[in-house]
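Report on the following structure.
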Amino acid sequence: MTGYGAGIAMRKSDYTKEPYQWSQHRHALAILESRNIRVEGFSIESAGGDGIYIGQRRGGPVPRNILLKNLVLRNNYRQGVSVISVDGFRMEYTHISHTGGTPPGAAIDFEPNSGLYGLTDCVVDSCLFEKNAGAALTVHLPNVLDTHPPVSILIRDSLILGNPLSLWVHGLGNGARGSLEFSNTRVRGLGITGRSESFRIIR
């Protein structure tokens, strides 16, 4: 799915008023239980939920080999990108800004729901996260147990700045294993991270 010069725009401001009922799930693009998906070259803005949501239902196929490249995600209501469950995720050369309207308001949120596969082989490369209402990068793992495969997230050659929080890692108490690694990435601003012997944050 390639869209250089094209945009996906919703009406975020409309969804906060009658006759619309409140919802955080009016996503611009949802990638569900899919594999070998490439989304490249679009601008995505003013979603009534997430700019992009990647996930599965309990018992459904695990999303695999998802690539987001050269995207601009701006002014989306809940998150720029939500990664709920995936094996093989790449996001490259993507700018996420001005996310906000309802919490968490993150640029990108890695947050498995209960009973799902988890998060393996996730790489964020050459991206910019700025001016979001919440944390630029959220990793929320209370639903990841010691029976899940180890979480693997790498943030490489990226820039995080101008957010209330640069990093929020929490929910590590139920046995989550694995690592969040930063390589040649500049992180400006406060970060809040939990502690766990089985989950490492490598900087």
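General observations
- Antiparallel content of DSSP bridges confined to the chain, in %, to 5: 0 percent
- With 0.36 nm allotted per residue and the present C-alpha distance subtracted, the Leu67-Glu40 stretch has 8.9 nm of extension available.
- Amide H contacts under 5 Å for Val123: Phe89, Arg90, Met91, Leu154, restricted to partners 5 or more places along the chain or on a different chain, H placed in the peptide plane at 1.01 Å from N.
- Segment 146-203 and segment 23-69 have their alpha-carbon centroids 22 Å apart.
- Paramagnetic reach from Arg195 (point 7 Å along Cα→Cβ, amide N under 20 Å) across segment 144-172: 167-172
- Max mean-square fluctuation residue, GNM over the chain, Cα-Cα springs under 10 Å, options Thr120, Thr147, Thr185: Thr147
- In the chain, the calculated helix contribution to ellipticity at 222 nm averages -500 deg cm²/dmol per residue, counting -39,500 (n - 2.57) for every DSSP H run with n ≥ 4.
- Value of relative contact order over the chain, rounded to a whole percent, pairs C-alpha under 8 Å and six or more apart: 14 percent
- Neighbour count of at most 15 Cβ within 10 Å plus DSSP loop: longest GluC sites (Glu not before Pro)-free window in the chain: 34-196
No value in this document is a laboratory result; all are computed from the given coordinates. Quick caveat: nothing in here was measured; it's all calculated off a predicted structure. Counting neighbours? That spans all protein chains shown, and the Cβs are built from the backbone with ideal geometry, glycine included.
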